[in-house]
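The values are calculated or read from the model by the stated rules, or taken from the named source; none is laboratory data. On a predicted model such as this, the values are computed, not experimentally measured, just so you know. Don't worry about glycine lacking a Cβ; one is built from the backbone with ideal geometry, like all the others, and counts go over all protein chains shown. To get the accessible areas, we keep the full protein, side chains included, count just its heavy atoms, and leave off ligands, DNA and RNA. Shrake-Rupley method; radii C 1.70, N 1.55, O 1.52, S 1.80 Å.
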Amino acid sequence: MIGTLRPRTASAAVLAWLSITPALALANGPAPVPQSASVALRQIHIVSNGAWTDRISGDEGPEHCRAFRLTEPRVRRILTQSQPVTERAYAHDLDASRCHATGTARTSRGGRVHWRVDAEGRVLLTTSGGPVSYRQYLGPDLTGTRKTPATAPR
Amino acid sequence: MVHQTDCPSARATFNAYVHPGANGAHFLIDRDGTIHQTASVLKQTWHVGRLRARCLAEHRCAPAETKALLRMTSSARNRHEAAKSVPDRYPSNIDSLGIEIVGEAHPRKEPDPDQRTFEPVNAAQNASLRWLVHALSQQLGIPMSEVFRHPVVSQKNRTEAATATWQ
């Protein structure tokens, strides 16, 4: 159910469904792959595109990351098709990228989700003081090649 | 290749290793400096990830290769590097040994792991790391210049193993 699209309404008011992991994902040690209720997303807003961080090792400079630009439909596809991974996989096992985009999404319950997608397909969903979800997008959109699932050798 | 586990204890790391498809390394250094061998040095383990371009980091790529590498996706760059031999590329899963050091990145309440900083490698851990690296270097003929922190070789949280010392 996680990351699965539900049938769209005629008004397309409900555009996408995905899950938010309980806050216990922040507990020490490896977190289990989350299983939780789905939340509908109504609107997706891009706050930053082509952003760069020096928290990750790599060869990309800020000028290189400027080319990493996502559109709202692309973000929607990434969020809905991404798969949950453990916090440990996100933080330690998966390759990361200095290049990323951030934004928000409105849920059908009136809440706001903050998202962050990096060029390696890592997806982070957070809410203010609430649940966190660690995910991986395996599709071809970001790098032009399909990625290796988190459970495979890194 | 020197790593930190992002786990609080050796036991938590062992627990992570039992999951199907789990990654792992050859050695694990606990907080008190105890060295556990977790795989035979004759076996391949999965601890590296996609390779960064060594010639870029060491400023010895030809201009055309520099240009091409900076345009490549990480998977294409990994394939490009894998076609080379050490020391023209960084060691990969097929020809490296992994040493994990128990240590977490903090603060744990920070939801974005990229914003966390790995705890310092303590004195007992660094003493054991020095002993182990030198023993492996002597026994297996590995040059000390071919020992790397994980973020040097792959795209990772750059604070991982930043305080590990083995010279």
What number goes with the only condition from (1) modelled with pLDDT of 90 or more; (2) within 14 Å of chain B (Cβ to nearest Cβ); (3) surrounded by fewer than 17 Cβ atoms within 10 Å (Cβ to Cβ) that A:ALA51 does not pass?
(3)
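With the structure loaded, tell me whether A:GLY139 is at pLDDT below 90 and either farther than 29 Å from B:GLN4 by Cβ or part of a strand (DSSP E or B) (or both) or whether it fails that test. Reasoning before the result, please.
Details: at pLDDT below 90: yes; either farther than 29 Å from B:GLN4 by Cβ or part of a strand (DSSP E or B) (or both): yes.
Yes.
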In the stretch A:65-86, which residue that is touching a Gly at 6+ places or on another chain (Cβ under 9 Å) and either of a type in the set (Phe, Trp, Tyr) or within 11 Å of chain B (Cβ to nearest Cβ) (or both) is nearest to B:ARG108 (Cα to Cα)?
A:PHE68
Residue among B:ASN78, B:ASN93 that alone is of a type outside the set (Ser, Thr, Tyr), within 14 Å of chain A (Cβ to nearest Cβ) and in contact with a Pro (Cβ under 8 Å, 6 or more places away or on another chain):
B:ASN93
Would you say B:GLN138 is open to solvent by 20 Å² or more (accessible area, probe 1.4 Å), farther than 24 Å from A:SER97 by Cα, out of contact with any strand residue (DSSP E or B) (no Cβ under 7 Å at 6 or more places or on another chain) and modelled with pLDDT of 95 or more?
yes
Answer residue from the stretch B:40-60, given it is touching a Leu at 6+ places or on another chain (Cβ under 9 Å) and more than 9 Å from chain A (Cβ to nearest Cβ) and is nearest to B:ILE142 (Cα to Cα) among those:
B:VAL41
Filter the stretch A:95-139 for residues that are open to solvent by 30 Å² or more (accessible area, probe 1.4 Å) and within 14 Å of chain B (Cβ to nearest Cβ) and give the result.
A:ARG98, A:THR102, A:HIS114, A:THR127, A:SER128, A:GLY129, A:PRO131, A:LEU138
Going through the stretch B:142-164 one residue at a time, which ones are more than 11 Å from every other protein chain (Cβ to nearest Cβ) and open to solvent by 60 Å² or more (accessible area, probe 1.4 Å)?
B:PRO143, B:SER145, B:THR163
